[in-house]
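Engineer: Here it is, the structure, as structure tokens.
The values are calculated or read from the model by the stated rules, or taken from the named source; none is laboratory data. Note that this is a predicted model, so its numbers are computed, not measured. As a convention, Cβ positions derive from the backbone with ideal geometry for all residues, glycine included, and neighbour counts pool all protein chains shown. Keep in mind that these areas ignore ligands, DNA and RNA; they rest on the heavy atoms of the full protein, side chains included. Shrake-Rupley method; radii C 1.70, N 1.55, O 1.52, S 1.80 Å.
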Amino acid sequence: GSLQQDGDGNVTALDCSGRGLTELPPFLADGRLDRLQMLRLSGNALRSLPPPVFETGSLTELAAGSNHIAALPEEIGLCNRLAILGLSGNALAALPPSIGQCSALRTLRLSDNRLTALPDSLGGCASLTELYVSRNDLRALPAAVGRCPLVTVAATNNALTGLPDGLCAGLGGSLSSLSLSDNRMATLPEDIGQLRRLVTLNLNGNRLTALPASFARLGQLVTLGLGANRIASLPADLSGLTQLRTLQLGENRLSLLPSSLGACLELEDLGLAQNVLLSLPPAACRLPRLRSLVLAQAKFTALPAEAGSLSTLLQLEVSGSKLQSLPDSLCDLACLRSLRASDCRLAALPEGLGRLRALQALRVDGNRLTRLPERLGD
């Protein structure tokens with residue numbers, strides 16, 4: 001592999017990635033590199049990391065992803081300078097409790113392993129800001145991680161059923177990104193509104209039926225993914241979501257939207273496909289920056305005339321809906337680039353669609369149309 005040395009000839013960085021190694025070279029396995037700071041071993045066939053690797057007190061970065069490592073030795077706790085630990089794509093079923101002694105650890109990458117739990121001792125990692133544990137078999141996150149200054153947590157594709165009590169309060173001053181999609185979460189803690197620095201929240205693909213009222217206090221939230229859940233209603237007051245730009249609510253059980261949605265003045269992308277909305281509420285037509293509105297497979301038969309006031313709209317998707325007509329006011333959407341209305345029940349299109357000079361994509365196949373408006377496609 002490639003290596004770097006200091007002025008005295010001591011090896012400080014060693015890269016042995018992608019070399020087909022089944023075990024470490026002897027000079028690594030017996031701990032002879034006592035000045036080593038960076039060790040990269042990713043993309044090999046290693047089944048273990050011997051204790052001497054961790055007994056050098058100088059190690060700051062260890063990358064050993066995409067191997068076959070099934071366990072870590074307790075000696076990892078000796079790495080009091082270790083800042084980055086990458087072990088994604090291995091066969092880890094558990095972590096040693098001693099990992100909580102890695103007081104300098106900032107980034108921990110453990111995605112694509114076989115973890116069913118994380119040790120409570122992880123809360124001792126007083127510098128931990130990034131935790132990546134997606135695609136494991138985790139049933140829960142330890143409440144103790146609420147003591148870490150976490151900024152990013154990614155735990156998608158696990159078996160999580162909820163968040164532990166006190167976690168939101170503990171992380172309220174630090175957490176910016178929380179990704180929990182494709183789990184088994186049926187409820188959210190009532191105090192989720194304490195995550196006052198949260199910018200991105202991804203909860204797509206869970207089993208949520210409702211949201212706590214405190215959601216409205218997530219005043220820094222920019223991206224919110226709630227698609228593919230079982231949500232039947234939203235909190236009445238969403239006016240606190242003043243920074244929200246993307247709201248994904250597709251594949252739920254919503255029959256109405258709160259009027260307070262109209263107070264989300266920064267909203268640009270609104271996804272409402274595959275719900276049971278009986279109409280598009282006026283609040284959704286008062287969003288001054290909306291760029292994308294997805295209403296695929298909607299149950300209602302008409303769009304309100306107010307939809308024509310969405311002057312910034314670039315994309316309108318209503319395919320697979322029960323729409324029998326489109327309002328003439330859509331011809332006022334001067335910015336509209338894409339109108340997709342396939343497989344509806346449309347017998348005619350507004351005559352003025354040909355005036356939409358920005359329109360680049362029009363899909364209206366699978367309807368009852370006998371003619372297209374004049375000038376369309378000029």
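Engineer: What do you reckon, is Thr301 part of a loop (DSSP other than H, G, I, E, B), at pLDDT below 95 and under 26 Å from Ala228 (Cα atoms)? Lay out the reasoning, then the answer.
Structural biologist: Details: part of a loop (DSSP other than H, G, I, E, B): yes; at pLDDT below 95: yes; under 26 Å from Ala228 (Cα atoms): yes.
The answer is yes for Thr301.
Engineer: Please go through the stretch 203-243 and pick out each residue that is of a type in the set (S, T, N, Q) and either open to solvent by 40 Å² or more (accessible area, probe 1.4 Å) or assigned to a loop (DSSP other than H, G, I, E, B) (or both). Break it down stepwise before answering.
Structural biologist: Pass one, the stretch 203-243, residues of a type in the set (S, T, N, Q): 204, 206, 209, 214, 220, 223, 229, 233, 239, 242-243.
Within the stretch 203-243, Asn204, Asn206, Thr209, Gln220, Thr223, Asn229, Ser233, Ser239, Thr242, Gln243 qualify.
Engineer: Of all residues in the stretch 42-64, which are assigned to a loop (DSSP other than H, G, I, E, B) and open to solvent by 10 Å² or more (accessible area, probe 1.4 Å)? Before you say what the answer is, go through the steps one by one.
Structural biologist: The first filter runs over the stretch 42-64 and keeps only residues assigned to a loop (DSSP other than H, G, I, E, B), leaving 42-50, 55-60, 64.
Once the filter is applied, which keeps residues that are assigned to a loop (DSSP other than H, G, I, E, B) and open to solvent by 10 Å² or more (accessible area, probe 1.4 Å), the stretch 42-64 yields Ser42, Gly43, Asn44, Ala45, Arg47, Ser48, Pro50, Glu55, Thr56, Gly57, Ser58, Thr60.
Engineer: I'm trying to understand the selection: among the residues of the stretch 176-202, which are part of a strand (DSSP E or B) and hydroxyl-bearing (Ser, Thr, Tyr)?
Structural biologist: Ser177, Ser179, Thr200
Engineer: Do any residues in the stretch 338-349 that are under 10 Å from Leu323 (Cβ atoms) have Cβ atoms under 9 Å from those of residues that are part of a strand (DSSP E or B) and open to solvent by 20 Å² or more (accessible area, probe 1.4 Å), where the two are at least six apart or on different chains, and which pairs are they?
Structural biologist: Listed by first residue and then by second, the contacts come to Ala341/Glu317; Ala341/Leu362; Ala341/Arg363.
Engineer: Can I ask one more? Any residue in the stretch 221-245 that's closer than 18 Å to Gln194 by Cα: show its pairings with residues that are among the aromatic types (Phe, Trp, Tyr) and at pLDDT below 95 at Cβ separation under 8 Å, as long as the two are six or more apart or on different chains.
Structural biologist: Pro235/Phe215; Leu238/Phe215; Leu241/Phe215
Engineer: May I ask you to list pairs of residues, at least six apart or on different chains, whose Cβ atoms are under 9 Å apart, with the first in the stretch 353-374 being exposed (fewer than 15 other Cβ atoms within 10 Å of the Cβ) and part of a loop (DSSP other than H, G, I, E, B) and the second being at pLDDT 95 or above and charged (D, E, K, R)?
Structural biologist: These pairs meet every condition: Ala358/Arg337; Gln360/Arg337; Asp365/Asp343; Gly366/Asp343; Arg368/Arg345.
Engineer: Here's something else I'd like to know. Looking at the stretch 262-306 only, could you name the residues that are among the hydroxyl-bearing types (Ser, Thr, Tyr) and under 18 Å from Ser233 (Cβ atoms)?
Structural biologist: Across the stretch 262-306, the qualifying residue is only Ser279.
Engineer: Take Thr156 and tell me if it is out of contact with any strand residue (DSSP E or B) (no Cβ under 7 Å at 6 or more places or on another chain) and of a type in the set (Val, Ile, Thr). Full working, then the answer.
Structural biologist: Details: out of contact with any strand residue (DSSP E or B) (no Cβ under 7 Å at 6 or more places or on another chain): no; of a type in the set (Val, Ile, Thr): yes.
Criteria not met by Thr156.
Engineer: Which residue is farthest from Leu310 (Cα to Cα), if the candidates are limited to the stretch 262-275 and must be among the hydrophobic types (A, V, I, L, M, F, W, C) and either without any contact (Cβ under 8 Å) to a residue 24 or more places away in the chain or assigned to a loop (DSSP other than H, G, I, E, B) (or both)?
Structural biologist: Ala273
Engineer: Take the residues in the stretch 65-83 that are of a type outside the set (Val, Ile, Thr) and in a helix (DSSP H, G or I), then tell me which one is surrounded by the fewest Cβ atoms within 10 Å (Cβ to Cβ). Walk me through how you get there before you give the answer.
Structural biologist: Initially, the stretch 65-83 is screened for residues of a type outside the set (Val, Ile, Thr), giving 65-68, 70-75, 77-83.
With the extra rule that they be in a helix (DSSP H, G or I), the set shrinks to 74-75, 77-78.
Working: Glu74: 14, Glu75: 17, Gly77: 20, Leu78: 18.
The extreme case among them is Glu74.
Engineer: Would you confirm, using the coordinates I've provided, whether Gly308 is assigned to a helix (DSSP H, G or I), open to solvent by 10 Å² or more (accessible area, probe 1.4 Å) and not polar (S, T, N, Q)? So that I can check it myself, show each step before the final result.
Structural biologist: On the way: assigned to a helix (DSSP H, G or I): yes; open to solvent by 10 Å² or more (accessible area, probe 1.4 Å): yes; not polar (S, T, N, Q): yes.
Here the answer is yes, as Gly308 does meet what is asked.
Engineer: Provide a single number: the residues in the stretch 276-297 that are out of contact with any Phe, Trp or Tyr (no Cβ under 6 Å at 6 or more places or on another chain), open to solvent by 10 Å² or more (accessible area, probe 1.4 Å), closer than 18 Å to Ser255 by Cβ and in contact (Cβ under 8 Å) with a residue 24 or more places away in the chain.
Structural biologist: Number of matching residues: 5.
Engineer: What's the number of the condition Leu256 fails, among (1) modelled with pLDDT of 95 or more; (2) farther than 19 Å from Cys344 by Cβ?
Structural biologist: Just one mismatch for Leu256, condition (1).
Engineer: Next question, about the same structure. Looking at the stretch 7-16, can you tell me whether even one residue there is among the aliphatic types (A, V, I, L, M), under 18 Å from Thr107 (Cβ atoms) and open to solvent by less than 50 Å² (accessible area, probe 1.4 Å)? Even if it seems obvious, please write down each step before you answer.
Structural biologist: Here is the first cut: in the stretch 7-16, the residues among the aliphatic types (A, V, I, L, M) are 11, 13-14.
Adding the requirement that they be under 18 Å from Thr107 (Cβ atoms) leaves 13.
Applying the additional criterion that residues be open to solvent by less than 50 Å² (accessible area, probe 1.4 Å) yields 13.
Within the stretch 7-16 (the criterion being among the aliphatic types (A, V, I, L, M), under 18 Å from Thr107 (Cβ atoms) and open to solvent by less than 50 Å² (accessible area, probe 1.4 Å)), the answer is yes, since at least one residue qualifies.
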